[in-house]
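Enquirer: Next up is a structure, given as structure tokens.
The values are calculated or read from the model by the stated rules, or taken from the named source; none is laboratory data. Because the structure is predicted, anything quoted here is derived from the model rather than measured. Virtual Cβ from ideal backbone geometry, glycine too; neighbours counted across all protein chains shown. Accessible surface is based on the protein model in full, side chains and every heavy atom, while ligands, DNA and RNA are left aside. Shrake-Rupley method; radii C 1.70, N 1.55, O 1.52, S 1.80 Å.
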Amino acid sequence: MAQPDKPAAAAGRANTKKELPERFRQHKHVWVFVEQERGQVHPVSWELMGEGRKLADKLGVQLAGVVIGPPGLAVAEVAREAACYGADLVYTITNEILAEYRNEPYSKALTDLVETHKPEILLLGATTLGRDLAGSVATTLATGLTADCTALDVDADGSLAATRPTFGGSLLCTIYTLNFRPQMATVRPRVMAMPERVERPLGRLVEHPLAMVEEDVVTKVLRFLPDRDQATSNLAYADVVVAGGLGLGSPENFQLVQQLAGVLGGEFGCSRPLVQKGWQPAERQIGQTGKTIRPKLYIAAGISGAIQHRVGVEGADLIVAINTDRNAPIFDFAHIGVVGDAMHLLPMLTEAFRRRLSPHIRDRLAG
């Protein structure tokens, strides 16, 4: 991805005077909200822990994880796991009210924790839960929130530089929260690399009470209904992804993408226009407004590669692009570019891989 023009960004900041009010000058350390439901941690939390570690080291401060949930072993296990992904300390808030996610008690818990312990940076995953929680906490704290970031850094004076696409993905802008704390940002799954897990003991554990009772909560949980379609797509965490775009010509031709993905033991996806046309469901969309992926192998067939799509795929280890237009933007960032008709090349690739890959090898490639 093309990085923002740093001289221009610096020039823009030169016109903005940073005057951090006295009440915010005690804010220190980097926090990562560790999203967990029923003991299952969303992987984006560990991805953010890796990024948070970099920010904390640059600032010379501690990295903390925040775990919220019901009393029991699950929260304790997640806290110990946070240490293995780099947390120096972990804050926990446990209460039966927090057994299922509800905005009101979770917002109250996280807001009170921030006001008590005063972090300077707070990171959350841009998941359904994370987006809901981040927005309400930022509003309550009257601070800035940069959503769907693609890069995080700190500048010379220690301010968080949060970069995200803007103007429909045609530009990247870097946003600063100069005069308020904490500086908040959300990052979508798979935008950041997964850090290495290193077995280490949990350092300091800080337990914080929840100043709320069930009667204070308006919403009630009647029953938990798992999403029966939640396992239909694993695009974000697939190691092999094959995707198609408008260059396929018709919805019937999309089966060529699915067949190649099947032979490779991978997942299949598509560009935004195919979702807009109704050729594929939204859960298969890859790009800025869809899924962000970081596979070992990504094959794009008939996709032009506009910035919206590039944002979602450039973390792939190997990008292979097939397009009849030799000037298609996707060739600017693909590792291997093939100028040709996907209608002819996809069946040939499928047959070639089918002959050469045993089921055992396919499973290893996908795993």
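Enquirer: Touching a residue at least 60 places away in the same chain (Cβ under 8 Å), open to solvent by 10 Å² or more (accessible area, probe 1.4 Å) and not aromatic (F, W, Y): which single residue out of L160, L110, L145, L178 fits that description?
Expert: On the way: L160 fails: open to solvent by 10 Å² or more (accessible area, probe 1.4 Å); L110 fails: open to solvent by 10 Å² or more (accessible area, probe 1.4 Å); L145 fails: touching a residue at least 60 places away in the same chain (Cβ under 8 Å).
From the options L160, L110, L145, L178, the qualifying one is L178.
Enquirer: Among (1) without any contact (Cβ under 8 Å) to a residue 60 or more places away in the chain; (2) over 16 Å from A76 (Cα atoms), there is one condition V30 misses while meeting the rest; what is its number?
Expert: Result: V30 passes all but (1).
Enquirer: Next question, about the same structure. Could you please find all residues in the stretch 212-238 being under 20 Å from the mean Cα position of the chain (by Cα) and either modelled with pLDDT of 85 or more or loosely packed, with under 12 Cβ neighbours inside 10 Å (or both)?
Expert: Our first condition is that a residue be under 20 Å from the mean Cα position of the chain (by Cα); within the stretch 212-238, this holds for 230-238.
The answer is Q230, A231, T232, L235, A236, Y237, A238.
Enquirer: Considering only the stretch 325-333, I want to know if a residue exists there that is assigned to a helix (DSSP H, G or I), crowded, with 17+ Cβ neighbours inside 10 Å, without any contact (Cβ under 8 Å) to a residue 40 or more places away in the chain and in contact with a His (Cβ under 9 Å, 6 or more places away or on another chain).
Expert: Taking the stretch 325-333 first, the residues assigned to a helix (DSSP H, G or I) are 329-332.
Those still in the list that are crowded, with 17+ Cβ neighbours inside 10 Å too: 329-331.
From what's left, without any contact (Cβ under 8 Å) to a residue 40 or more places away in the chain: 329-331.
If we keep only those that are in contact with a His (Cβ under 9 Å, 6 or more places away or on another chain) too, we end up with 329-330.
Yes, there is a match, as at least one residue in the stretch 325-333 is assigned to a helix (DSSP H, G or I), crowded, with 17+ Cβ neighbours inside 10 Å, without any contact (Cβ under 8 Å) to a residue 40 or more places away in the chain and in contact with a His (Cβ under 9 Å, 6 or more places away or on another chain).
Enquirer: Can I ask one more? Out of the strands (runs of 3 or more DSSP E) lying entirely within the stretch 172-283, which hold 1 or more residues that are of a type in the set (V, I, T)?
Expert: Numbers: elements: 183-187, 204-207, 240-244, 267-270.
Hits in the stretch 172-283: 183-187, 204-207, 240-244.
Enquirer: Turning to a different aspect of this structure: Which residues, counting only those in the stretch 296-323, are assigned to a strand (DSSP E or B) and of a type in the set (S, T, N, Q)?
Expert: Within the stretch 296-323, the subset assigned to a strand (DSSP E or B) is 297-301, 318-323.
If the condition is that a residue be assigned to a strand (DSSP E or B) and of a type in the set (S, T, N, Q), then N323 is the only one that fits.
Enquirer: Let me ask another. Check T139, T143, T150, T186 and return the single one that is farther than 25 Å from A87 by Cα and not small (G, A, S). Don't jump to the end; show me each part of the working.
Expert: Numbers: T143 fails: farther than 25 Å from A87 by Cα; T150 fails: farther than 25 Å from A87 by Cα; T186 fails: farther than 25 Å from A87 by Cα.
Being farther than 25 Å from A87 by Cα and not small (G, A, S) holds for just one of T139, T143, T150, T186, which is T139.
Enquirer: So is T116 surrounded by fewer than 19 Cβ atoms within 10 Å (Cβ to Cβ) and either among the aromatic types (F, W, Y) or under 20 Å from P43 (Cα atoms) (or both) or not?
Expert: On the way: surrounded by fewer than 19 Cβ atoms within 10 Å (Cβ to Cβ): yes; either among the aromatic types (F, W, Y) or under 20 Å from P43 (Cα atoms) (or both): no.
Answer is no for this residue.
Enquirer: Any chance the stretch 287-295 includes a residue that's open to solvent by less than 50 Å² (accessible area, probe 1.4 Å) and assigned to a helix (DSSP H, G or I)? If you could, list the steps in order and put the result at the bottom.
Expert: First, the residues of the stretch 287-295 that are open to solvent by less than 50 Å² (accessible area, probe 1.4 Å): 287-288, 290, 292-293, 295.
Among the residues that remain, those that are also assigned to a helix (DSSP H, G or I) are: none.
For the stretch 287-295, residues open to solvent by less than 50 Å² (accessible area, probe 1.4 Å) and assigned to a helix (DSSP H, G or I): absent.
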